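Q: Shown below is the structure under consideration.
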Amino acid sequence: MWKSTLLLAGSLILAGAMRAGAAAEPPAPCAPVPTAEQLAWQRDELSMFVHFTVNAFTDREWGDGTEDPKIFNPVELDCEQWARVAKETGFKLVILTTKHHDGFCLFPSDYTEHDIANAAWKDGRGDLVREFVEACRKYGLKVGFYLSPWDRHEPKYADNAAYDEHFRNQLTELLTRYGPVSEVWFDGAGGEGHVYDWQSYYALIRRLQPRALIAICGPDIRWVGNEDGFARENESSVQMRDDEEVWYPAECDVSIRPGWFWHKQQDDQVKSLEHLLDIYYRSVGRNSGLLLNVPPNDKGLFCELDIQRLKEWRAALDQTFATDFAAGKSAVASNVRGGDSAFGPARALDGELDTYWATDDEVRAASLEVDLGAPATFNVSRVQEYIPLGERVRGYTIEVWQDGAWEEIVRGTTVGHKKLERFPEVTAQKVRLTVTESRACPLIAGFGLHFAAP
Ligand code: FUL
């Protein structure tokens, strides 16, 4: 008798453990999902663009390829200044225009004379790309290369096949001489009617730098569609390509000045702090990467006003996001996968992107209620999904408990890696995040409430 009682108790414990274990299984991926490199890029959020070529000496935006390479002479060039500024202001990757539409190469190329080897700078013995890469490495920044397909200098450009080979040769120089490259940026501008053998470029990049992301005219990172730095309110990394859903996150490229290149008369036209903050909220805050261009002047240096503005921008963002009124606060959820200790709502408030609140598989709408412990005043919300398992949320709201009722302050669509919303400041102690629509059970890695000083 005692034996069978023990057996029964034992099997009940086992069944209970199995149930808890089964329910606490992580959710299955909701396809498509990012590659490891796309995920890292999305979490990096900020890239800096550096547009530099003969244009800094001719006061043009698009050189026509007839420039004398001798004019390129940035006598005070200091790539470490660029890297230091990028690092100090929160950028993770820096992309340099190694060749813009004018065809002038900032590296000594074996395939053209229109390059730095024929510049006055360092009597033609310099390699600006190398100095750039070394500075980035010193400051722990990832490196990206822009190489313009459109080449207004190269005579071979008139012959598609000959130019494809020329372009691959230059790509090979860039991808074999300077160590790891994180992003290759292919501009779609110019050269209308020219046919490029993109597939052969991609195959070469995959072979020489398998971890490099190919952006814009490429399969890994998508151009957002404007040069204002603004993504759509419902920007999604899930996109259709050839009748198939693929992971294709958006990048917002924009310059800190009116032009991509430095022009003396634009020295006082650096975007305002308010404008740059707006760009941040409408790019990074809309599930996109921000690629912010800072052009060096004809001396080879970032200008003081640009640097000062970047520092103000960083300080304002740090001030806003250093305090999160929801961090570590107690929360309850309408549904929890495997019990609170497994995928409970605390995991959305722990500041970790790799832990998340999850629901049971069949759930498509659920809410999480946070008690802030005391009334707090905030005007920015932050919601983040656990995107390694796909992007799921298609609708959400945020409400505050006011005078005995819930009052909606945010109604949004997609979330993805990060969704920030700004709203008039509100004071409340209880806040509710509700996912109203989802492609699969929602996985929320972050929910934060912040205050941005007006
Ligand atoms: C455009 C180019 O034509 C501009 O000069 C700049 O490089 C920008 C980032 O892309 O298409």
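The values are calculated or read from the model by the stated rules, or taken from the named source; none is laboratory data. Treat the numbers as computed from the prediction; the structure is a model and nothing was measured. Positions of Cβ are generated from backbone atoms using ideal geometry, with glycine treated the same way; all protein chains shown enter the neighbour counts. SASA here: full protein model, heavy atoms, side chains in, ligands and nucleic acids out. Shrake-Rupley method; radii C 1.70, N 1.55, O 1.52, S 1.80 Å.
Q: Among all residue pairs at least 6 apart or on different chains, which show Cβ distances below 8 Å where the first residue, located in region 143-170, is in contact (Cβ under 8 Å) with a residue 12 or more places away in the chain and assigned to a strand (DSSP E or B) and the second is more than 13 Å from the ligand (Cβ to nearest atom) and small (Gly, Ala, Ser)?
A: Correct list of pairs: Val143/Gly179; Val143/Ser182; Gly144/Ser182.
Q: If Tyr386 passes every condition in (1) touching a Leu at 6+ places or on another chain (Cβ under 7 Å); (2) open to solvent by less than 30 Å² (accessible area, probe 1.4 Å) but one, which one does it miss?
A: Every condition holds for Tyr386 apart from (2).
Q: Separate question: Please go through region 21-45 and give me each residue that is at pLDDT below 80 and either in contact with a Cys (Cβ under 8 Å, 6 or more places away or on another chain) or surrounded by fewer than 13 Cβ atoms within 10 Å (Cβ to Cβ) (or both), ordered by number.
A: Across region 21-45, the qualifying residues are Gly21, Ala22.
Q: Okay, moving on. Inside region 252-264, can you point out the residues that are open to solvent by 30 Å² or more (accessible area, probe 1.4 Å) and either without any contact (Cβ under 8 Å) to a residue 24 or more places away in the chain or in a loop (DSSP other than H, G, I, E, B) (or both)?
A: If the condition is that a residue be open to solvent by 30 Å² or more (accessible area, probe 1.4 Å) and either without any contact (Cβ under 8 Å) to a residue 24 or more places away in the chain or in a loop (DSSP other than H, G, I, E, B) (or both), then Pro258, Trp260 are the ones that fit.
Q: Right, something else. With the requirement that a residue be open to solvent by 30 Å² or more (accessible area, probe 1.4 Å), more than 23 Å from Met240 (Cα to Cα) and not basic (Lys, Arg), what does region 192-225 give you?
A: Result: Glu192, Gly193, His194, Val195, Leu208, Pro210.
Q: Among (1) in contact with an Asp or Glu (Cβ under 6 Å, 6 or more places away or on another chain); (2) over 27 Å from Pro34 (Cβ atoms); (3) of a type in the set (Val, Ile, Thr); (4) open to solvent by less than 20 Å² (accessible area, probe 1.4 Å), where does Thr397 come up short?
A: Answer for Thr397: the failing condition is (2).
Q: Working carefully through the options Tyr178, Tyr196, find the one that is away from the ligand (no atom under 16 Å from the Cβ) and hydroxyl-bearing (Ser, Thr, Tyr).
A: Of the residues listed, the single one that is away from the ligand (no atom under 16 Å from the Cβ) and hydroxyl-bearing (Ser, Thr, Tyr) is Tyr178.
Q: Please work out which residue is most open to solvent (accessible area, probe 1.4 Å), limiting yourself to region 46-68 and to residues that are within 26 Å of the chain's Cα centre (by Cα) and over 20 Å from Glu131 (Cα atoms).
A: Only one residue tops the list, namely Glu61.
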